[in-house]
Amino acid sequence: MTRDKVRTYYILSLLVLASLLIIFAQNVFTGLSTTSAEPLAEINRVDLFDEFLGNYSKVSVMLVNNDTASHNFLINTFFDDELQGSFNVTVDSGKTFQYQRDVLPNRIPISQNETINSTLKVAKFVVYMDNQPEPFETARFVFKNE
């Protein structure tokens, strides 16, 4: 083979290798940087103690609107399937909202549900979006009967 042919094959192989590396890197970085375009709801509980209140929990509902339109959210709080409070909020596009509520276990009635140990107390948080009949997010928290 002549020197020109070897040089041509060498340059072509480098171009193919560089193209493959660029395609691979583009797929990796694209996969890492994609964000969800749908709203998100996250419900968390933190257990605390206060000398006046005793044991209590702080429940937070984080609403993240990654969509291009505003959405209405309804947050319902239930103690043993009895509605204890509702909160409505509109979260604009690209915005985040956090709702917090203190839950005192001594104010939750003992659950009468036969499938759960009857000495437990249950608090439920349900998030609805845009007046949909099915919940967008639900979380149940169980407290010991002390």
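The values are calculated or read from the model by the stated rules, or taken from the named source; none is laboratory data. Keep in mind that what you see is a predicted model, and the values were worked out from it rather than measured. We place every Cβ from the backbone using ideal geometry, glycine too, and count neighbours over all the protein chains shown.
Remarks
- Check on Asn76, at pLDDT 90 or above and of a type outside the set (Lys, Arg): yes
- Scope the stretch 62-109; condition within 17 Å of Ala123 (Cβ to Cβ) and polar (S, T, N, Q); matching residues: Asn76, Thr77, Gln84, Ser86, Gln100, Asn106
- When residues in the stretch 48-75 are screened for being within 15 Å of Thr138 (Cα to Cα) and crowded, with 17+ Cβ neighbours inside 10 Å, 6 of them pass.
- Condition check for Thr8: in a helix (DSSP H, G or I), modelled with pLDDT under 80 and outside the structural domain of Arg140 (by TED's automatic domain parsing): no
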